[in-house]
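The next block holds one structure in the form of structure tokens; read it before the comments.
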Amino acid sequence: MEVVIQPTLEQAVELAGRLIAARVRAKPDLVLGLATGRTMEGVYDRLVSIQQSDGLDFSRCRTFNLDEYIGIPGEDEHSYRYYMNHHLFSRVNIDRANTHVPDGMAADLQAEAARYEHLIDEAGGIDLQLLGIGEGGHIGFNEPLSALMSRTREKALTPVTRQQNAAMFGGDPDKVPKRAVTMGVGTILDARELLLLATGAAKASILAKAVEGPITAMISASAIQLHPRCKVIVDTEAARELKERKYYDWIFQNEPEWQEFR
Ligand code: GLP
């Protein structure tokens, strides 16, 4: 794992956008795993502006989102399908048929989860998976005790998550769905590269546990420690509780892999 600390939120988001853009340029038919949440909005804005300024081409990309609420149709502004259309897909030259979000309205959710896994396999697996982190330590909607080998499935959301996401539901946690379909931790770890982005002081404590603490199913984000190609980009606020900040900075300043991004 490599941790890159950027001075500001804007710079962290900018770096994540540039890294994704570099991967799309290197492999135009990239299979991109996408995430939702407020942290990602800036990243999608960056991708839109890189497309406008440098003609970044998404026409051959395929995308798979991490998760979707159960019982909210794609046309509803609270769904993650709507979020993706709104923040990214309608603003870049991606073929909507190549974008995938689990169907939270499926009558048979177990079959939907299996279909989603199959689609990822058929696409040849995910090249780069973008991740945020919930305040309770989830990636996707893999709540505490999610098996580290779990696959796409239905999951009950914790009160912490429903509280954290209430802002998108008029501030009322009771309006946040109780369940979601999410890629499993195992599904996420199968991606060839992971990029986790965390910003702001509210993420500092859980981020330090996920990155420097023991690997535990209580904090599904800690499973990224198992991945051989994982990058974590944070701003100073989110990095506050990390112990090895100096070492991480040295790596970013000196390792050739980061040269084009410094
Ligand atoms: C939701 C998503 C997660 C995301 C999290 C972070 O719960 N299911 O994938 O990581 O939000 O949200 P935010 O970026 O708004 O803090």
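Taken across region 99-111, residues that are more than 29 Å from SER59 (Cβ to Cβ), part of a helix (DSSP H, G or I) and either within 10 Å of the ligand (Cβ to nearest atom) or touching an Asp or Glu at 6+ places or on another chain (Cβ under 8 Å) (or both) do occur, with at least one present.
Can you name the residue in region 157-216 that is among the charged types (D, E, K, R) and away from the ligand (no atom under 14 Å from the Cβ) and, of all such residues, is nearest to PRO73 (Cα to Cα)? Let's see the steps before the verdict.
Residues of region 157-216 that are among the charged types (D, E, K, R), as a first pass: 162, 172, 174-175, 178-179, 190, 192-193, 203, 209, 212.
After this cut, where a residue has to be away from the ligand (no atom under 14 Å from the Cβ) as well, the list is 172, 174-175, 190, 192-193, 209, 212.
Values: ASP172: 19, ASP174: 18, LYS175: 15, ASP190: 28, ARG192: 31, GLU193: 30, LYS209: 35, GLU212: 38 Å.
Taking the candidates together, the pick is LYS175.
The residues on offer are PHE141, PHE64, PHE58, and the sole one that is among the aromatic types (Phe, Trp, Tyr) and either more than 16 Å from the ligand (Cβ to nearest atom) or more than 30 Å from LEU207 (Cβ to Cβ) (or both) is PHE58. The set of residues in region 196-253 being surrounded by fewer than 20 Cβ atoms within 10 Å (Cβ to Cβ), in contact with a Ser or Thr (Cβ under 8 Å, 6 or more places away or on another chain), of a type in the set (D, E, K, R) and not in a helix (DSSP H, G or I) consists of GLU241 alone.
When MET168 is tested against (1) aliphatic (A, V, I, L, M); (2) at pLDDT 95 or above; (3) farther than 14 Å from VAL101 by Cα, only condition (2) is not met.
Contact annotation: residue pairs with Cβ atoms under 7 Å, 6 or more positions apart or on different chains, pairing a residue in region 224-243 that is small (Gly, Ala, Ser) with a partner that is modelled with pLDDT of 95 or more and surrounded by 24 or more Cβ atoms within 10 Å (Cβ to Cβ), are ALA238/ALA198; ALA238/THR199; ALA238/LYS203; ALA238/LEU207.
Hey, any hits in region 223-237 for a residue that's of a type in the set (Gly, Ala, Ser), modelled with pLDDT of 95 or more, under 19 Å from VAL43 (Cβ atoms) and under 19 Å from the mean Cα position of the chain (by Cα)?
In the first step, residues of region 223-237 are kept if they are of a type in the set (Gly, Ala, Ser); the result is 223.
Checking which are modelled with pLDDT of 95 or more leaves us with 223.
Filter once more, keeping what is under 19 Å from VAL43 (Cβ atoms): none.
No, region 223-237 contains no residue that is of a type in the set (Gly, Ala, Ser), modelled with pLDDT of 95 or more, under 19 Å from VAL43 (Cβ atoms) and under 19 Å from the mean Cα position of the chain (by Cα).
Does region 195-243 hold any residues that are polar (S, T, N, Q) and farther than 16 Å from VAL13 by Cα, and which are they? If you could, list the steps in order and put the result at the bottom.
Of the residues in region 195-243, the ones polar (S, T, N, Q) are 199, 205, 216, 220, 222, 225, 236.
If the condition is that a residue be polar (S, T, N, Q) and farther than 16 Å from VAL13 by Cα, then SER205, THR216, SER220, SER222, GLN225 are the ones that fit.
When the criteria are applied in full, GLY104 meets the requirement of being more than 16 Å from the chain's Cα centre (by Cα), more than 29 Å from ARG18 (Cβ to Cβ) and surrounded by 22 or more Cβ atoms within 10 Å (Cβ to Cβ).
Just wondering, is there one or more residues in region 186-208 that are more than 30 Å from ALA107 (Cα to Cα) and either aromatic (Phe, Trp, Tyr) or free of Cβ contacts under 8 Å to residues at least 12 places away in the same chain (or both)?
Our first condition is that a residue be more than 30 Å from ALA107 (Cα to Cα); within region 186-208, this holds for 192-208.
If we keep only those that are either aromatic (Phe, Trp, Tyr) or free of Cβ contacts under 8 Å to residues at least 12 places away in the same chain (or both) too, we end up with none.
Checking region 186-208: not a single residue is more than 30 Å from ALA107 (Cα to Cα) and either aromatic (Phe, Trp, Tyr) or free of Cβ contacts under 8 Å to residues at least 12 places away in the same chain (or both).
Go through the residues of region 75-87 one by one and say whether even a single one is surrounded by 13 or more Cβ atoms within 10 Å (Cβ to Cβ), assigned to a helix (DSSP H, G or I), among the charged types (D, E, K, R) and out of contact with any Cys (no Cβ under 7 Å at 6 or more places or on another chain). Yes.
Yes/no per residue for (1) touching a residue at least 24 places away in the same chain (Cβ under 8 Å); (2) among the acidic types (Asp, Glu):
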| site | (1), (2) |
| --- | --- |
| SER53 | no, no |
| THR63 | yes, no |
| ASP67 | yes, yes |
| ARG81 | no, no |
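Each residue in region 40-64 was checked for being hydroxyl-bearing (Ser, Thr, Tyr), surrounded by fewer than 16 Cβ atoms within 10 Å (Cβ to Cβ) and not in a helix (DSSP H, G or I), and 1 pass. Filter region 23-39 down to residues that are in contact (Cβ under 8 Å) with a residue 60 or more places away in the chain, assigned to a helix (DSSP H, G or I) and away from the ligand (no atom under 15 Å from the Cβ), then give me how many there are. Number satisfying all stated conditions: 1. Entry remark, region 65-74: residues being at positive phi and part of a strand (DSSP E or B) number 0 in total.
Return yes when GLU122 is modelled with pLDDT of 95 or more, in contact with a His (Cβ under 9 Å, 6 or more places away or on another chain) and surrounded by fewer than 21 Cβ atoms within 10 Å (Cβ to Cβ) and no when it is not. Reasoning before the result, please.
On the way: modelled with pLDDT of 95 or more: yes; in contact with a His (Cβ under 9 Å, 6 or more places away or on another chain): no; surrounded by fewer than 21 Cβ atoms within 10 Å (Cβ to Cβ): yes.
Against the criterion (modelled with pLDDT of 95 or more, in contact with a His (Cβ under 9 Å, 6 or more places away or on another chain) and surrounded by fewer than 21 Cβ atoms within 10 Å (Cβ to Cβ)), GLU122 does not qualify.
The values are calculated or read from the model by the stated rules, or taken from the named source; none is laboratory data. Because the structure is predicted, anything quoted here is derived from the model rather than measured. Virtual Cβ from ideal backbone geometry, glycine too; neighbours counted across all protein chains shown.
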